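To start, the structure itself, in C-alpha cells.
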Amino acid sequence: MSVKSADREVFRILRRIPGIAYALIALVAAFAWFIPGFFTPSNLLSVVRQGSVLIMVSLGATLAILSRGVNLSLGGVMSLAGVVTGVLIHRGAPLSLAILAGVAVGAVAGSLVGAVIARADIAPFIVTLGMMSIGEGLALVLSGGASVPGFGASFQVIGQGSLLFAPLPFWIALTLFFLIHFLLRHTQLGVAIYAIGGNEEAAALSGVDVRRAKFQIYLIGGLLAGLAGVVLASRMNSAHPSGGMGFEFDAIAATVVGGTPMSGGRGGVVGTLGGAAIISVMRNGLNMLGLPTPWQMIIIGLIIVGSVALDTVGSAVHGRRGGTV
Amino acid sequence: MRAWRRMDWGTFSRVFALLAMGIILSFTAPGFPTLTNLLNVARQASLLLVLSSGMTMVILLGGTDLSVGSTAALSSCLAAPFFLRDAPTAGLLIGSLVGLGTGAMCGLLNGLMVSKIGLPPFVATYGMNQVARGAALAYMAGNITYGFKPAFRFLATGNLGQVPMLVLLAALVFAIFHFVLNRTVFGRQVYVVGARPSAAAFSGISVPGTILKVYLVNGLVAALAGLVFISRLNAAEAGLGEPFALQAIAAVAIGGTSFRGGIGGIGGTVVGVLIMTLLTNAMNLLGVSTLWQTAVTGAVILLAVLLDRTLTGGEAAGGRGARTH
C-alpha cells in the first residue's frame, strides 16, 4: 500500500465517522447531563467492557447484511459457546481446551449455516432462525436449563481483566475489528461480499465464487459469535443458556445505525463500531436511569425498529429500498 | 402444471412422514394409541393450527411474524380480568373484544411498519415482539390472573358431543383460511404479492393494502390463540406464548410453504402442524426432557427447508433471487 493510498484510506475513514460520532457524542453528553454517575471513569469503562461483546457479534452481523443476507443465529450460537466452555471448565478440562471448544462450536454452527445457505441456496433468514433455535436449545440441554456459574480467576481474566487502562475485551474486539476491516477492504472475500450485496447475479457472472463467499461469511460469523460467547461467560463469571438471546437483533441495529443498509452492498464495519457504541451507551443509560426492565424492552425495541426505519426511508429517498415485503 | 407435479412429491413425502411417525409411535410408545392421548394430541395440535393458519398467510405474502407470542400474551392479559366477572355473558363479550382488539392493533402496527415504511418484516415484528412483551410485563407487574368463569373455560376445555370445542374452533379457523386463500380474490392477491410484488402492483393490486390486511388478520389470530391458551390453562401471565412464533414458523416450514413468498399453501400446514405435535408428543411419551424441544424445533426447521429444497428442485424452499428476508 503506497503512502498516498494510505492517506486516502485514513481520509475515507475520517469522512465516514462524523455523522455517527456526533450522534454518539450527543448521546453521551445528554446522559452525562441527566444521569448522575454516568460520566464517571468506572461507568464508562464498564460501558466499553459490555460494548466489546456487542462489537464482536456486530462484526458478524455486518458481514451477513453487507452481502444482503442476515444472521439471526449469532445470539443462540453465543449462548451455546458460552455454555460449552463453562461446562467443560466445570468438568475439569484445561482452560485452553475449554475456550477452544467454545470457539470451535461457533465455527461448526457457522459452517453448517453457511453450507446450507451457500449450497442449497435457501433464504438466510429461515436457515439462521433454525440455527438460533438449535443453539439456544442445545445450550438449554447442556446446562440443564440453569446457568453454569463460577469459573475461577484464570478464566475470568478474559472478560474482566484490563490491559493498558482499557478492558481486555475491548482489545479483543478492536483486534477483531481491524481484522474484519482489513478483510473487507483488502481481500478477495471482501470484494466478493460487496459485489454479492450489490447484485448477486452480476457478481456471479463476473467470476465471483458466490457459494464460497457465502459459506465464509457465515463461518466467520459463527467464529465471532463463539468468541463473543466465551468472553461474555468470562465477564459474567457464569454461562447462561439464554445469555446471548437478543444479541443478534442488537447487532443488526448496530449495523444499520452504523450506516450499512439492510439491502447490502454499501457500508462497512467502521460505522458498525459506532453503532455498537451507541446501542451500548443507550442500554447502560437506560439502566442507570433505573427504568424497569419491561420499559427498557419497549424502548430498545422501538430504537431497533426506529433505526432500521430511518435507514429504509433514507434509502427510499435515494432510490433504493431497503426491505422487501 | 409443472408446479403441481413438483408439489405432489413434497405433499407425498410430508403425508408419508406423518403416517410413518404415527405407525412407529403406535408400536414404540405404549401410551400413544389410546383415545385419551390422541384427544390430547388433537387439542395440542389445535392451538398450533390456529397460529399456523395465520402464519401461513403471512409467509405466503413473503413476510414473517415474530410477534405472535407477545401479541397473544398482551391481548390475553388485558382481556383476562373480564373473564373473572360475575356477569358471564357481558364479561365474555367485552373480554373477547378487548383481547381481539388488542391483537388487531398489534397486527395493524406490524402491517403499517412493513407496508408504509418498508421495514423488513422480521425487524418490524421483532420490535413489536419486544414492545408487546414489555407492555404485558409492565401491565401484569409479576401477577397472575386466574380462576376464570366456566363460560370462558368452555372455549378450550368443553366438548360438543364427543368433539372437544378446541378442535372445532381450530377446524373452523382452518376452514376460513382455506376458503380465503383458495377461493377468494384476496387469497389470490396474497399469492401474487408474495411471488412478485412489482408484478402485483402493475396488475392493479394494492400491495400495501394487502400487506396491511394480512398482518392485521395475523394479529387477530394471535389474540385468539392467546385467549384459547389462557382458557385452557385457566390462568394468564405476561410470559405466556414465548415459543409460539418459532413453532408456527416451523409448522409452516414443514408444510412446504416457501419463505420467499407465493409458493405453498395451508393444506401442507395442517400436515406440518400434526408432524410437529406428534414429535412433541413422542418426546413426552418417550421421556425425553422438555429441554430438548427448542433444539428439536430448530433442527426440524432446517431439515424441512433442506428436504423441501431437494425434493422439489428448489422453488418451494426459495429459488435464486436477491430476496433474503
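Any read-out appearing in this document is the output of simple, stated calculations on the displayed coordinates, not a laboratory observation. Values in this document were obtained by computation on a predicted structure and should not be read as measured data. So basically every Cβ, Gly included, is an ideal-geometry build from the backbone, and we count neighbours across all protein chains shown.
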Handout entry: Cα convex hull volume per residue for the stretch A:190-325 (Å³)
Key = 140 Å³
Problem - For the stretch B:74-88, Karplus couplings with θ = phi - 60° (6.51, -1.76, 1.60), whole Hz, Gly/Pro x - result: 4, 5, 6, 5, 5, 7, 3, x, 5, 7, 9, 4, 6, 7, x
Handout entry: q = 0.08, 0.13, 0.15 Å⁻¹, chain B: log10 I(q)/I(0) [Debye, one scatterer per Cα]
Key = -0.36, -0.96, -1.26
Fill in the blank from the handout: Once both label points are put 7 Å beyond Cα along the C-beta direction, the A:ALA30-A:LEU289 separation in nm becomes 0.9 nm
Handout entry: the stretch B:75-192 - charge dipole about Cα centre, Lys and Arg +1 at Cβ, Asp and Glu -1, debye rounded to 20
Key = 160 debye
Problem - Long-range Cα-Cα pairs in chain A (distance over 31 Å), rounded percent - result: 29 percent
Exercise for the section: Could you give the spread of the C-alpha atoms of the stretch B:180-249 along their three principal axes, from largest to smallest, in whole angstroms? Expected result: 49, 21, 17
Exercise for the section: Please report how far the C-alpha centroid of the stretch A:138-154 lies from that of the stretch B:100-162, rounded to the nearest whole angstrom. Expected result: 33 Å
Exercise for the section: For chain B, calculate the relative contact order in percent as a whole number, restricting contacts to Cα pairs under 8 Å that are 6 or more residues apart. Expected result: 31 percent
Fill in the blank from the handout: The Rg/Rh figure for the stretch B:15-154, Cα atoms and Kirkwood Rh, to two decimals is 1.07
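Sorting A:LEU189, B:LEU48 on the 10 Å Cβ count, fewest up front, what's the list?
Ranked by crowding around the Cβ, least crowded first: A:LEU189, B:LEU48.
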Handout entry: Under 5 Å, built H, 5+ apart or other chain: amide partners of B:LEU291
Key = none
Exercise for the section: Would you mind listing how long the stretch A:40-121 runs along its three principal axes, going by Cα atoms, in whole Å with the largest first? Expected result: 46, 38, 16
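Tell me, Kirkwood radius of the protein assembly as shown from alpha-carbon pair distances, in Å? Working shown, then result.
Details: mean 1/r = 0.0393 Å⁻¹.
About 25.4 Å for the protein assembly as shown.
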Completion exercise
At q = 0.13, 0.19 1/Å the base-10 log of I(q)/I(0) from the Debye formula over the alpha-carbon atoms of the stretch A:1-146 is -0.86, -1.09
Completion exercise
Yeah, the stretch B:130-255 with a ≥ b ≥ c from its alpha-carbon gyration tensor (a/c under 1.5 is rounded, else prolate when a/b outruns b/c, oblate otherwise) is oblate
Handout entry: Shielding of A:112-125 by partner chains, average beta-carbon count, 10 Å
Key = 4
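Which of the DSSP-defined H helices in chain A satisfy a minimum axial length of 30 Å, computed from C-alpha atoms, and a minimum mean Kyte-Doolittle hydropathy of 1.0?
Details: long enough: A:41-66 (35 Å, 1.40); A:95-120 (37 Å, 2.00); A:210-236 (39 Å, 1.03); A:293-317 (36 Å, 1.55).
Once both thresholds are applied, what remains is A:41-66, A:95-120, A:210-236, A:293-317.
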Exercise for the section: Determine the shape class of the stretch B:53-128: with a ≥ b ≥ c the square roots of the Cα gyration tensor eigenvalues, call it rounded for a/c under 1.5, and otherwise prolate if a/b is greater than b/c, oblate otherwise. Expected result: prolate
Handout entry: the stretch A:149-236: relative contact order in percent, alpha carbon pairs under 8 Å with at least 6 residues between
Key = 35 percent
Completion exercise
Residues whose modelled amide H sits under 5 Å from the amide H of B:PHE148, counting only those 5 or more places away in sequence or on another chain, are none
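I'd like the mean, over residues of A:135-144, of how many other protein chain beta carbons sit within 10 Å of each residue's own Cβ. If you can, show how the numbers build up before the last one.
On the way: counts 3, 5, 9, 6, 3, 7, 8, 2, 1, 2.
Averaged over the peptide's residues, the number is 5.
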Practice task
Assuming R0 = 56 Å, can you tell me the calculated FRET efficiency for the pair B:ASN284 and A:ASP209, based on Cβ-Cβ distance, to the nearest 0.05?
Solution key: 0.75
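Would you mind calculating the gained length between A:GLU9 and A:VAL108 on full extension (0.36 nm times residue separation, minus the Cα-Cα distance), in nm to one decimal?
Details: separation 99, 0.36 × 99 = 35.64 nm, distance 3.45 nm.
Full extension from A:GLU9 to A:VAL108 adds 32.2 nm.
Could you work out Rg/(2.2 N^0.38 Å) for the stretch B:168-221, with Rg from alpha carbons only?
Working: Rg = 12.2 Å, N = 54, 2.2 N^0.38 = 10.0 Å.
Scaled against compact globular proteins, the figure is 1.21.
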Fill in the blank from the handout: Which residues qualify? For A:GLY161, with a placed amide H closer than 5 Å and at least 5 residues away or on another chain, they are A:LEU168
